[in-house]
Amino acid sequence: IQIDDEGRAELERVFLSRIKVTRLDYAGAEPKLAESPLREIAAMLERFRERRRADGALFIDLPEVKVKVKDRQVAVTPLPLNQVRELVANSMLAAGSAFGKWAMRQDLLMPFSTQVDPEFNEPGDSLPAMFAMRRGCSPSVLSVVPGKHAGLGLDPYIRVTSPLRRYGDLLAHQQLRRFLKGEDPFDFDYLSGRIAKSEAAALERRKLERQVNEFWKLVFLAMNPDYAAVAV
């Protein structure tokens with residue numbers, strides 16, 4: 001993938017391969033941001049991020065926490081948004097953007113991720129404004145028909161970076177592999193059917209996840225009646 005001077009990500013080569021991965025966690029990557037190759041990668045991805053901003057992307061910065069239950073104790077840990085997490089997120093988005101445009105040039109059916117334009121008054125940087133922006137965003141939808149993902153400022157966009165945990169990504173990998181091996185790709189009806197079944201299951205899973213997280217947060221507050229936090 002190349003990111004040009006205008007911040008557009010383009011897929012230059014794609015092929016079947018094996019890679020050897022050296023594991024690097026967020027803490028270990030932090031001091032390496034000033035070193036090569038992360039220094040150069042970060043500069044390219046910053047151009048890509050600014051391109052998305054110019055194309056109408058929303059940058060919703062809301063606090064995130066990790067909820068974990070162990071030994072009958074509930075721990076709620078804030079997840080800070082640092083430079084490394086930003087780099088990883090933009091790398092994933094750049095891959096999805098480049099791959100989406102390449103798939104369209106190849107006339108290859110894919111599970112494109114789309115989102116309609118949000119509905120809210122004006123963007124802002126306060127917490128209430130961020131919540132309002134998030135409420136104004138419709139859920140993204142997987143579709144065989146390419147389209148704009150308004151919140152990300154990308155058109156088109158395909159999620160391809162997490163095939164071990166997201167079925168849509170796995171489906172994209174399966175289609176790509178068939179194409180690269182010279183096999184007949186999945187047709188419209190088959191791909192649409194797989195998307196419909198997986199999206200229905202994913203909707204139920206996301207709903208359950210929200211309910212579980214809300215339940216354990218309430219348990220945490222009940223167990224810590226003196227807990228205090230700052231709300232802006």
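The values are calculated or read from the model by the stated rules, or taken from the named source; none is laboratory data. If you're wondering where the values come from, they're calculated on a predicted model, not measured in any experiment. Cβ atoms come from the backbone with ideal geometry, glycine included; neighbour counts cover every protein chain shown. Areas reflect the complete protein model, heavy atoms only, side chains present, ligands, DNA and RNA absent. Shrake-Rupley method; radii C 1.70, N 1.55, O 1.52, S 1.80 Å.
Which loop GluC sites (Glu not before Pro) in the stretch 160-224, with loop taken from DSSP, have no more than 14 other Cβ atoms within 10 angstrom of their Cβ?
Answer by residue number: 183.
How much accessible area does residue 19 have with a 1.4 Å probe, in Å² rounded to the nearest 10?
140 Å²
Once both axes come from the Cα atoms, what is the angle between helix 188-223 and the longest principal axis of the chain, in degrees from 0 to 90, rounded to 10?
10 degrees
Summarise the accessible area of the stretch 49-109 (1.4 Å probe, protein heavy atoms) by the percent that is carbon and sulfur.
50 percent
Can you tell me the orientation of helix 83-105 relative to the chain, as the angle in degrees between its alpha-carbon axis and the longest Cα principal axis, to the nearest 10?
Orientation of helix 83-105: about 30 degrees from the principal axis.
Shape of the chain from its Cα gyration tensor (a ≥ b ≥ c, root eigenvalues): rounded if a/c is under 1.5, otherwise prolate when a/b > b/c, or oblate?
prolate
What accessible area per residue, rounded to a whole number of Å², is obtained for the stretch 74-232 using a probe radius of 1.4 Å?
For the stretch 74-232, the solvent-accessible area averages 62 Å² per residue.
Show me the three semi-axes of the equivalent ellipsoid for the stretch 137-232, from the C-alpha gyration tensor (sqrt of 5 times each eigenvalue), largest first, rounded to whole Å.
Ellipsoid semi-axes (Å, largest first): 38, 16, 12.
What is the chain's relative contact order, in percent, from Cα pairs under 8 angstrom and six or more apart in sequence?
The value is 19 percent.
Quick one: accessible surface of residue 173, probe radius 1.4 Å, all protein chains present, in square angstrom to the nearest 10.
Around 80 Å² of this residue is reachable by solvent.
Would you please classify the overall shape of the stretch 1-108 from the alpha carbon gyration tensor, given that a ≥ b ≥ c denote the square roots of the eigenvalues, rounded means a/c under 1.5, and beyond that prolate means a/b larger than b/c while oblate covers the rest?
Verdict is prolate for the stretch 1-108.
Run the simple label-point estimate for residue 30 and residue 203 please: 7 Å along Cα→C-beta, distance reported in nm.
Spacing of the two 7 Å Cα→Cβ label points: 4.1 nm.
Are there trypsin sites (Lys or Arg not before Pro) in the stretch 31-76 that DSSP puts in a loop and that have at most 14 other Cβ atoms within 10 Å, and which ones?
Those satisfying the criteria are 72.
Restricting to DSSP loop positions (anything but H, G, I, E, B) with no more than 11 other Cβ atoms inside 10 Å of their own Cβ, which trypsin sites (Lys or Arg not before Pro) remain in the stretch 127-232?
165, 181
Would you mind calculating the relative contact order of the stretch 1-110 from Cα pairs under 8 angstrom and at least 6 residues apart, reporting the percent as a whole number?
So the answer I get is 33 percent.
Would you kindly find the accessible area of residue 26, with a 1.4 Å probe and non-protein molecules such as ligands, DNA and RNA excluded, rounding to the nearest 10 Å²?
90 Å²
Lysines within cross-link reach of residue 217: Cα-Cα under 18 Å, excluding same-chain residues under 8 positions apart?
Leaving aside lysines fewer than 8 places away in the same chain, those within reach of residue 217 are 66, 68, 70, 207.
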